[in-house]
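Chemist: Questions regarding the structure given below will be posed in turn.
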Amino acid sequence: MTVSELATSFDPLGEHYDDPYSFYAEARRDEPVFYSPRLDAWVVTRFADIDAVIKDPAVFSSVNSLRPIRSPYPATIAVLMNGYPQTPDHVTSDGEAHRRMRVPYSKYLTTPGRVKAREVAIRKRAEDLIDSFAGDGTTDLVERYAGPLPAETAAELFGFAPEDVPLADAGSRSMFSLGSVDLDEAEEEQVAHTVLAFQKLLSGYARDRHAEPADDLVSAVVTALVPGQEPLTFEQESELVGTFASTFGAAHITTADGIGSALWLLLSDREQWELLCRQPELVPYAVEEALRFEPPIPGMFRRTTQPVTVAGVDLPEGADVLLAFASANRDEERFPDADRFDVTRKPSRHFAFGAGVHTCVGAAMARLQMRIALQALTERLPGARMEADQHVDVRKSINIRGPLGLRASW
Ligand code: HEM
């Protein structure tokens with residue numbers, strides 16, 4: 001196989017990290033499906049091709065969908081051996097196994113009125129957070145607002161006690177950072193210990209709710225996956241710990257990145273921010289546009305179950321495929337003037353929440369939180385400005401993207 005210069009140059013965690021978009025524009029035009037030696041994966045960049053791939057789960061398995069960029073260090077693996085083994089969860093399974101684990105989440109989260117019922121509590125949480133820094137005249141909006149709001153909301157949804165939020169937050173972030181290029185061996189070993197503490201917290205909740213269900217997401221999932229009164233086996237506990245760990249992270253880190261990126265985009269463009277402050281009815285549009293423009297999950301992997309042709313390119317069986325949502329969301333064929341962030345853009349389907357059988361079950365919850373976060377901040381601090389000369393760092397990951405900090409003053 002000959003690999004083109006364009007494909008060889010693709011460096012998503014290096015040169016193309018801060019701005020992957022100009023590279024992707026070139027790829028969509030010149031080589032929309034290419035093999036990346038750096039990722040050892042085929043990268044699919046156009047909206048229509050991703051749509052076809054993601055809707056064909058029999059040929060494109062999700063078994064590797066959260067594949068890290070490298071394997072964890074041996075010391076990390078040694079620590080993790082003391083915890084629960086990694087088992088396939090709803091995100092990384094296919095067919096009936098996937099359906100069995102997805103249904104309890106989707107039933108709980110799409111029960112009419114359940115998400116909406118949380119609106120008042122989320123608004124109060126947003127107000128309280130703003131109160132905690134409004135008098136200071138300056139803050140880091142990611143650390144004090146975009147991060148805590150979804151962590152606290154997700155914890156309440158899962159049924160975690162408020163005092164467990166810091167460990168749930170740190171534990172899920174640690175889990176998602178295993179295999180990241182930012183960590184050296186000693187740092188990752190430390191992170192693995194936090195993952196173990198998080199697993200212990202989750203197994204405690206799984207056992208408690210199995211014995212005595214409450215009105216929360218953990219109870220709904222435990223009751224559906226392990227009906228009956230028999231004590232949980234180690235295998236059942238492992239499955240529950242795995243699914244809760246990945247869903248808690250999927251629920252709050254992504255939403256935090258969604259709020260963080262929306263604020264970053266808006267505060268970097270005074271005209272758009274002021275327009276939103278003047279016309280709050282545009283907030284739902286701004287949420288959709290931020291999700292399109294900077295999707296918190298810029299890409300997910302799939303693995304081919306048989307030889308297949310995508311946009312004229314032959315892929316062998318067992319090939320890893322990166323679905324570049326961040327690229328598809330800027331595809332000019334689909335979104336006119338795609339590189340313009342425009343809060344008045346009429347929303348249309350994008351890939352921030354994926355598509356097909358694995359479509360995000362928490363999209364309504366995420367949208368509600370993003371809307372409230374923008375509404376509350378534009379009302380309370382319309383004079384907020386990003387602090388000048390600030391380099392906004394983003395997490396070095398293929399799967400998750402959002403600002404790590406955002407200093408603003410008013
Ligand atoms: C802005 C915030 C969010 C974004 C960008 C996001 C994005 C996504 C994406 C792209 C997928 C598809 C994965 C795939 O195709 O392999 C997904 C799946 C999922 N999301 Fe979200 N999500 C967000 C918030 C949430 C929330 C708040 C929850 C729960 C309360 C949640 C729960 C899930 C679950 C359980 C799945 C797995 C569904 C399955 O595999 O069948 N997400 N999410």
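Every number here is computed from the coordinates shown, using simple stated rules; none is lab data. Note that the coordinates shown come from a computational prediction; the quantities given were computed from them, not determined experimentally. Here the Cβ is made from the backbone with ideal geometry for all residues, glycine too, and neighbour counts use every protein chain on show.
Chemist: Grab the Cα-Cα distance for GLU379 and SER4, subtract it from 0.36 nm times how many residues apart they are, and report the gain in nm with one decimal.
Modeler: 130.0 nm
Chemist: Then there is this: Apply the Karplus curve 6.51 cos²θ - 1.76 cosθ + 1.60, θ = phi - 60°, to the phi angles in the stretch 154-159 and return the couplings in whole Hz, x for Gly and Pro.
Modeler: Computed from phi, the couplings for the stretch 154-159 are 5, 4, 5, 4, 6, x Hz.
Chemist: How big is the dipole moment of the chain about its Cα centre under a simple scheme where the beta carbon of each Lys and Arg is +1, that of each Asp and Glu is -1, and everything else is neutral? Debye, nearest 20, please.
Modeler: The dipole of the chain has a size of about 1200 debye.
Chemist: Using +1 at the C-beta of Lys and Arg and -1 at the C-beta of Asp and Glu, which of ALA364, PHE335, PRO347 has the Cα lying farthest in the positive direction of the dipole of the stretch 328-410?
Modeler: Sorting the options by dipole projection puts first ALA364.
Chemist: Each residue of the stretch 280-291 in turn: what ³J(HN,Hα) in whole Hz from Karplus with 6.51, -1.76, 1.60 and θ = phi - 60°, glycine and Pro shown as x?
Modeler: Values per residue, Gly and Pro as x: x, 5, 7, 4, x, 5, 5, 4, 5, 5, 5, 5 Hz.
Chemist: Summing Lys, Arg as +1 and Asp, Glu as -1, what charge do residues with Cβ under 11 Å from the Cβ of VAL313 carry, VAL313 excluded?
Modeler: -3
Chemist: What is the stretch 264-370's relative contact order, in percent, from Cα pairs under 8 angstrom and six or more apart in sequence?
Modeler: Relative contact order for the stretch 264-370 comes out at 29 percent.
Chemist: Can I ask one more? Run a plain Debye calculation on the stretch 259-352 (Cα atoms as equal point scatterers, no solvent) and give log10 I(q)/I(0) at q = 0.11, 0.24 Å⁻¹, rounded to two decimals, same order as the q list.
Modeler: For the stretch 259-352, the Cα-only Debye profile gives -0.41, -1.19.
Chemist: Another question, then. Let me check against my output: what whole-number percent is the relative contact order of the stretch 1-43, with C-alpha pairs under 8 Å and at least 6 apart?
Modeler: RCO, the stretch 1-43: 40 percent.
Chemist: Quick check: pseudo-label points 7 Å beyond the Cα along Cα→Cβ at SER268 and GLU96, how many nm apart are they?
Modeler: 4.8 nm
Chemist: Something else: Can you compute the helix-only [θ] at 222 nm over the chain? Use -39500 (n - 2.57) per DSSP H run of at least 4 residues, normalise by all residues, nearest 500 deg cm²/dmol.
Modeler: -15500 deg cm²/dmol
Chemist: Something else: Relative contact order for the stretch 5-409: what is it in percent, counting Cα pairs under 8 Å that are at least 6 residues apart?
Modeler: Rounded, it is 26 percent for the stretch 5-409.
Chemist: A follow-up question, please. Roughly speaking, what is the centre-to-centre gap between the stretch 231-288 and the stretch 396-410 when only Cα atoms are used, to the nearest Å?
Modeler: Each part's Cα centre sits 12 Å from the other's.
Chemist: Express the C-alpha Rg of the stretch 2-120 as a ratio against the empirical globular expectation 2.2 N^0.38 Å, rounded to two decimals.
Modeler: Dividing the Cα radius of gyration by 2.2 N^0.38 Å gives 1.41.
Chemist: Convex hull volume of the Cα atoms in the stretch 135-282, per residue, in Å³?
Modeler: Value for the stretch 135-282: 157 Å³ per residue.
Chemist: With θ set to phi - 60° and the Karplus curve 6.51 cos²θ - 1.76 cosθ + 1.60, what are the ³J(HN,Hα) couplings of the stretch 181-194 in order, to the nearest whole Hz, using x for Gly and Pro?
Modeler: So the Karplus estimates, Gly and Pro as x, are 7, 7, 9, 8, 4, 5, 5, 5, 5, 4, 4, 5, 5, 5 Hz.
Chemist: Let me ask something additional. Please report the net charge: other residues with Cβ closer than 15 Å to the Cβ of PRO74, K and R +1, D and E -1.
Modeler: Once positives and negatives cancel, what remains is -4.
Chemist: While we're here: Taking a cut-off of 23 Å between Cα atoms, list the lysines near LYS124, but don't count ones fewer than 8 places away on the same chain.
Modeler: List returned: LYS116.
Chemist: While we're here: What list do you get for ILE54, ILE69 if you sort them by fewest beta carbons within 10 Å?
Modeler: ILE69, ILE54
Chemist: OK, next. Where is the GNM fluctuation largest for the chain (alpha-carbon springs, 10 angstrom cutoff): ALA355, ALA373, ALA326?
Modeler: ALA355
Chemist: To continue, here is another question. Could you work out which residue, out of ARG67, ARG38, ARG28, moves most in a Gaussian network model of the chain, that is, has the largest mean-square fluctuation with Cα springs under 10 Å?
Modeler: In this elastic network of the chain, the residue with the biggest mean-square fluctuation among ARG67, ARG38, ARG28 is ARG38.
Chemist: Taking the Cα centroid of the stretch 116-147 and of the stretch 17-60, what is the distance between the two, rounded to the nearest whole Å?
Modeler: The stretch 116-147 and the stretch 17-60 have Cα centres separated by 37 Å.
Chemist: Please report Rg (one decimal) and Dmax (integer) in Å for the Cα set of the stretch 268-308.
Modeler: Both quantities, over Cα of the stretch 268-308: 17.2, 54 Å.
Chemist: Among residues other than ALA168 whose Cβ falls under 14 Å from its Cβ, what is the net charge (Lys/Arg +1, Asp/Glu -1)?
Modeler: Charge balance near ALA168 sits at -4.
Chemist: Please give me, ordered by residue number, the chymotrypsin sites (Phe, Trp or Tyr not before Pro) of the stretch 221-291 that lie in loop per DSSP and have at most 11 other Cβ atoms within 10 Å.
Modeler: none
Chemist: I need the per residue convex hull volume for the stretch 5-409, using only the alpha carbons, in cubic angstrom as a whole number.
Modeler: 142 Å³
Chemist: Could you give the nm distance between label points at VAL181 and PHE234, where each point is 7 Å from its Cα heading toward the beta carbon?
Modeler: For the pair VAL181/PHE234, the computed spacing is 3.8 nm.
Chemist: Under a 5 Å amide H to amide H cut-off, with H placed in plane at 1.01 Å, what residues pair with ALA41 once short-range neighbours are removed?
Modeler: Amide H to amide H, under 5 Å and 5 or more residues apart or across chains, ALA41 pairs with SER36.
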